[in-house]
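The values are calculated or read from the model by the stated rules, or taken from the named source; none is laboratory data. The model shown is predicted, which means the values in this text are computed figures rather than measured ones. Every residue, glycine among them, receives a Cβ derived from its backbone with ideal geometry; neighbour counts consider all protein chains shown. Note: areas computed on protein heavy atoms with side chains; ligands, DNA, RNA excluded. Shrake-Rupley method; radii C 1.70, N 1.55, O 1.52, S 1.80 Å.
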Amino acid sequence: QVQLQQWGAGLLKASETLSLTCAVYGGSFSGYSWSWIRQPPGKGLEWIGEINHGGITNYNPSLKSRVSISVDTSKNQFSLILRSVAAADTAVYYCARAFSSFDYWGQGTLVTISS
Amino acid sequence: DIQMTQSPSSLSASVGDRVTITCRASQGIRNDLGWYQQKPGKAPKRLIYAASSLQSGVTSRFSGSGSGTEFTLTISTLQPEDFATYYCLQHNSYPYTFGQGTKLEIK
């Protein structure tokens, strides 16, 4: 049974850096790509980016200048960094495994940006 | 970016009804499409992958079809637990993009 468990700070001030980590339990870590997705309150889903076990990344161009995704294969974890956050970055952030679309998701972390 | 146009944006239906939700891609995406169900406060749950393959453990009331630019999700006989928001996702080209969602409500 694959489980994704995520954590990170839930309240930030504008201009600070958002940092979230997702740990993968069960199943294989290598051989898959791992993504971050976000959802502003009451709105739809936006793909942020992904990383594979080899560290190759792909980012959404809308966020590319502020985003970094990294992986720690020794811990079966991957992380999201989003710099210079603003109120528009307030959202529930999800981690997910990519296997012909996203099959397993983390529980979500609400990140609120205050001004 | 590939735009995913999902319709309708909201739908009112009764238990026992058959409903269909459509996603149109702005360019061909083969069958690189998934369908998701999301309930309030929960992570999305995958129902269909590769446009028409039923996710393990998901009831066969759900079915998907389509290829290229036009896709449908059908719920054959609505049950109370099916009232939720549904999203399509294309994973053919970066950036991956979701439809805007269909909120299915009880009539």
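Restricted to strands (runs of 3 or more DSSP E) entirely inside segment B:61-102, those with at least 3 residues that are buried (at least 19 other Cβ atoms within 10 Å of the Cβ) and modelled with pLDDT of 95 or more are B:70-75, B:85-90.
For segment A:93-115, filtering for residues that are within 14 Å of A:Trp47 (Cβ to Cβ) and in contact (Cβ under 8 Å) with a residue 40 or more places away in the chain leaves 8.
Got a number for residues in segment A:70-105 being hydrophobic (A, V, I, L, M, F, W, C), within 9 Å of chain B (Cβ to nearest Cβ) and either open to solvent by 50 Å² or more (accessible area, probe 1.4 Å) or within 15 Å of A:Ser28 (Cβ to Cβ) (or both)?
Going residue by residue through segment A:70-105, those that are hydrophobic (A, V, I, L, M, F, W, C) are A:71, A:78, A:80-82, A:85-88, A:91-92, A:95-96, A:98-99, A:102, A:105.
Filter again for within 9 Å of chain B (Cβ to nearest Cβ), leaving A:92, A:96, A:98-99, A:102, A:105.
Imposing the further condition that a residue be either open to solvent by 50 Å² or more (accessible area, probe 1.4 Å) or within 15 Å of A:Ser28 (Cβ to Cβ) (or both) reduces the set to A:98-99.
Selection size over segment A:70-105: 2.
Is it true that A:Thr109 is at pLDDT 95 or above, under 10 Å from the mean Cα position of the chain (by Cα) and either farther than 19 Å from B:Thr97 by Cα or open to solvent by 30 Å² or more (accessible area, probe 1.4 Å) (or both)?
Details: at pLDDT 95 or above: yes; under 10 Å from the mean Cα position of the chain (by Cα): yes; either farther than 19 Å from B:Thr97 by Cα or open to solvent by 30 Å² or more (accessible area, probe 1.4 Å) (or both): yes.
Yes.
Would segment A:18-36 turn up any residue that is of a type outside the set (Gly, Ala, Ser), over 13 Å from the mean Cα position of the chain (by Cα) and over 15 Å from A:Arg97 (Cα atoms)? No, segment A:18-36 contains no residue that is of a type outside the set (Gly, Ala, Ser), over 13 Å from the mean Cα position of the chain (by Cα) and over 15 Å from A:Arg97 (Cα atoms).
Tell me, please, whether a residue that is in contact (Cβ under 8 Å) with a residue 24 or more places away in the chain, within 21 Å of B:Trp35 (Cβ to Cβ) and hydroxyl-bearing (Ser, Thr, Tyr) can be found in segment A:67-83. No: zero hits. Residues of segment B:39-53 that are farther than 17 Å from A:Arg97 by Cβ and crowded, with 16+ Cβ neighbours inside 10 Å: B:Ala51, B:Ser52.
For A:Trp47, the conditions (1) within 23 Å of B:Asp32 (Cα to Cα); (2) more than 11 Å from chain B (Cβ to nearest Cβ) are fulfilled apart from (2). When segment B:61-107 is limited to residues that are away from chain A (no Cβ under 13 Å) and of a type in the set (Phe, Trp, Tyr), the one that is nearest to B:Asp1 (Cα to Cα) turns out to be B:Phe62. When B:Arg24 is tested against (1) at negative phi; (2) not in a strand (DSSP E or B), exactly one condition is not met: (2).
Being farther than 22 Å from A:Gln1 by Cβ and out of contact with any Leu (no Cβ under 8 Å at 6 or more places or on another chain): is that true of A:Lys64 here? Break it down into steps so the answer makes sense when it comes.
Numbers: farther than 22 Å from A:Gln1 by Cβ: yes; out of contact with any Leu (no Cβ under 8 Å at 6 or more places or on another chain): yes.
For A:Lys64, the condition - farther than 22 Å from A:Gln1 by Cβ and out of contact with any Leu (no Cβ under 8 Å at 6 or more places or on another chain) - is met.
Residues are listed down the side, and each one gets a yes or a no for (1) open to solvent by 20 Å² or more (accessible area, probe 1.4 Å); (2) touching a helix residue (DSSP H, G or I) at 6+ places or on another chain (Cβ under 7 Å); (3) within 11 Å of chain B (Cβ to nearest Cβ):
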position: A:Ala9; (1), (2), (3): yes, no, no
position: A:Ala23; (1), (2), (3): no, no, no
position: A:Ser28; (1), (2), (3): yes, no, no
position: A:Tyr32; (1), (2), (3): yes, no, no
position: A:Ile37; (1), (2), (3): no, no, yes
position: A:Pro40; (1), (2), (3): yes, no, no
position: A:Ser65; (1), (2), (3): yes, no, no
position: A:Ser68; (1), (2), (3): yes, no, no
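For segment B:1-38, a residue qualifies if it is within 11 Å of another protein chain (Cβ to nearest Cβ) and open to solvent by 70 Å² or more (accessible area, probe 1.4 Å), and the qualifying residues are B:Asp1, B:Ser9.
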